[in-house]
Amino acid sequence: MGFSKDFLWGGAVAANQVEGGVLEDGRGLSNIDVLPFGEDRLAVQKGEKEMLDWQDDYYYPAKEAIDMYHHYKEDIKLFAEMGFKVFRMSLSWSRIFPTGEDTEPNEAGLNFYDEVFDELNKYGIEPLVTIAHFDVPISLIKKYGGWKNRKLIEIYLNYAKTVLNRYKGKVRYWLTINEINVLVHQPFVGGGIVFEKKDNRQEIIYQAAHHQLVASALVTKAAHDIDKNNLVGCMLAGGSHYPYTCRPEDYQEAINRDREGYFFIDIQARGKYPNYALKKFEREKLNIIMGPQDEEILAASPVDFVTFSYYCSRTVSAHPEDSEKATGNIIPSIKNDYLKSSEWGWQIDPLGLRNSLNQLYDRYQKPLFVVENGLGAIDQPDETGFIDDEYRIEYLREHVKAMNDAIEIDGVELLGYTSWGCIDLIAASTGQMSKRYGYIYVDRDDKGNGTLERSKKKSFYWYKQVISSNGENLDSENISIGKKEVKV
Ligand code: BG6
């Protein structure tokens, strides 16, 4: 088998999608808290509709989420029971700096994460911490327009230094910004950006990207200065693009679309702007303002490892109008006839994961980490309340095999795997609870009804076996399911 004995198996979540407790203990509001459920959500995510406060007519799923703020001990115990070696989580920026610019951080917020890290440590689970996962304090959006303003670099750096110092010795693995390329597709989610009519949107997006890239490099440097044991990663919304046909124009389109994402990682991993991006700015007359030291800052602090999320591959054509669109992806795709889709139209492609691992490894020659992967599906409890999610196991099994092949056959260096939504949580794209990824079921529906009680799905027992066999036993026929322990 390919997995090394210290391979980091675990699961991943993000603060805004699990914690709830949005105004407790001095926390401020952040961009994801104000994403409404329902048809206006997408326009808000894209920065096309301004919603910077809660409004009476809407339901906001992040307000309570799955209330991990109060359930973290119970949840971590369940992760430990599965044998997690690592738990990927994010810090809520506005829990620590409620307005983003407070002179002192919020001690209650810092203390909450101290307790979470101590709890993880009790079970020998290593935290992998995303400093900003789709997270910009609302006050910074109201005052500065989010990441389009250079001021955010200094504010984010101050936040990052605060947590790097505070959690020194407790956290070793850090990610600077989640799915940094989502900024291009959902600027409000990725950068707290709301457009005005007159705006040159591309210019604003790439200006904000520049600020995030400089900030990320400064945080990487700070992390290394604060503790030489720190390892810092970047994070790409992954999944390569296939050409719809072997027409050279389609292949060219696939290269270009891959570059939309690689653009960020090229800079974070190699320390400089790629020529294709500089040419794009020139061609499209995008005036990106860079500070005199920025080039040096980017060059000085490339990341230590490259992480990415992988749910599906994408297919593109030079003539997309001739083909059927796939539904549900933040990053658009047309339908690939060779692949099956999830209930949300995401095209399932385990071999695509192996190919992505190879592409990223060839390109960057840095250790990789798959920090998100999973199947969003509707779970139906049986008459005893148990969820037999064989469909989820099947998806995960094929992706684990693909990682194994990438390591064993292709020689890719892979540090670990944290499957997404190891406990059911709020879907980022739709705000649904019914789009479930978890090994652990949470009793809550799309409207916020339910007891929030946790229970183990079949996949819980399967993943436990995967971890204890270090990825060797992927079989789901003979797993021992302690049905009696399952509470629903
Ligand atoms: C990634 C995000 O885009 O995909 C997560 O980093 C998100 O926050 C995940 O939840 C799955 O997407 P969704 O929309 O199904 O939650």
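Details
- Filtering the stretch 398-426 to residues that are assigned to a helix (DSSP H, G or I) and within 16 Å of the ligand (Cβ to nearest atom) leaves only H399.
- Among the candidates G352, G374, the residue that is in contact with a Ser or Thr (Cβ under 6 Å, 6 or more places away or on another chain) and either of a type in the set (A, V, I, L, M) or over 22 Å from D266 (Cβ atoms) (or both) is uniquely G374.
- Test: residue in the stretch 77-88 that is assigned to a helix (DSSP H, G or I), over 26 Å from V189 (Cα atoms) and either modelled with pLDDT under 95 or touching a strand residue (DSSP E or B) at 6+ places or on another chain (Cβ under 7 Å) (or both): yes
- The set of residues in the stretch 432-455 being more than 16 Å from the ligand (Cβ to nearest atom), in a loop (DSSP other than H, G, I, E, B) and under 20 Å from K77 (Cα atoms) consists of D443, T451, L452, E453.
- Each residue in the stretch 99-148 was checked for being over 19 Å from A223 (Cβ atoms), over 19 Å from the mean Cα position of the chain (by Cα) and in a loop (DSSP other than H, G, I, E, B), and 11 of them qualify.
- So Y311, is it modelled with pLDDT of 95 or more, buried (at least 16 other Cβ atoms within 10 Å of the Cβ) and within 16 Å of the ligand (Cβ to nearest atom): yes
- Listed by position, the helices (runs of 4 or more DSSP H) contained in the stretch 263-367 that have at least 3 residues being among the small types (G, A, S), in contact (Cβ under 8 Å) with a residue 40 or more places away in the chain and out of contact with any strand residue (DSSP E or B) (no Cβ under 7 Å at 6 or more places or on another chain) form an empty set.
- Count of the stretch 403-458 residues, restricted to those that are over 22 Å from the mean Cα position of the chain (by Cα), free of Cβ contacts under 8 Å to residues at least 60 places away in the same chain and within 21 Å of D388 (Cα to Cα), is 5.
- Residue that is farthest from R88 (Cα to Cα), among those in the stretch 161-180 that are outside any strand (DSSP E or B) and within 11 Å of the chain's Cα centre (by Cα): I180
Quick grid of which residues meet (1) over 18 Å from the mean Cα position of the chain (by Cα); (2) surrounded by 15 or more Cβ atoms within 10 Å (Cβ to Cβ); (3) closer than 30 Å to D337 by Cβ:
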| site | (1), (2), (3) |
| --- | --- |
| A209 | no, yes, no |
| L218 | yes, yes, no |
| N229 | yes, no, no |
| S240 | no, yes, yes |
| Y262 | no, yes, yes |
| I267 | yes, yes, no |
| R270 | yes, yes, no |
| K279 | yes, no, no |
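- Count of the stretch 6-33 residues, restricted to those that are assigned to a helix (DSSP H, G or I) and either within 16 Å of the ligand (Cβ to nearest atom) or acidic (D, E) (or both), is 9.
- Just one of the listed residues (Y391, Y395) is of a type in the set (S, T, Y) and within 14 Å of the ligand (Cβ to nearest atom), namely Y395.
- Screening the candidates G450, G421, G411, G385 for the property of being out of contact with any His (no Cβ under 7 Å at 6 or more places or on another chain) and crowded, with 19+ Cβ neighbours inside 10 Å yields one hit, G421.
- S429 outside any loop (DSSP other than H, G, I, E, B), of a type in the set (G, A, S), within 16 Å of the ligand (Cβ to nearest atom) and closer than 23 Å to G345 by Cα: no
- In the set V189, V171, V194, only one residue is within 14 Å of the ligand (Cβ to nearest atom) and touching a residue at least 40 places away in the same chain (Cβ under 8 Å); that residue is V189.
- Taking residues in the stretch 111-132 that are crowded, with 23+ Cβ neighbours inside 10 Å, and partners anywhere that are of a type in the set (G, A, S), the pairs with Cβ atoms closer than 6 Å and at least 6 places apart or on different chains are T130/S90; I131/A160.
- Residue match in the stretch 185-204 (condition: under 30 Å from F84 (Cα atoms), surrounded by 24 or more Cβ atoms within 10 Å (Cβ to Cβ) and not hydrophobic (A, V, I, L, M, F, W, C)): yes
- Qualifying positions in the stretch 34-54 - within 16 Å of the ligand (Cβ to nearest atom) and farther than 19 Å from A427 by Cα: none
- Some residue of the stretch 400-417 being modelled with pLDDT of 95 or more, within 20 Å of V18 (Cα to Cα) and either out of contact with any Cys (no Cβ under 6 Å at 6 or more places or on another chain) or not hydrophobic (A, V, I, L, M, F, W, C) (or both): yes
The values are calculated or read from the model by the stated rules, or taken from the named source; none is laboratory data. Please read all numbers here as calculations on a predicted model, not as lab measurements. Neighbour counts are summed over all protein chains in view; Cβ atoms, including those assigned to glycine, are modelled from backbone coordinates with ideal geometry.
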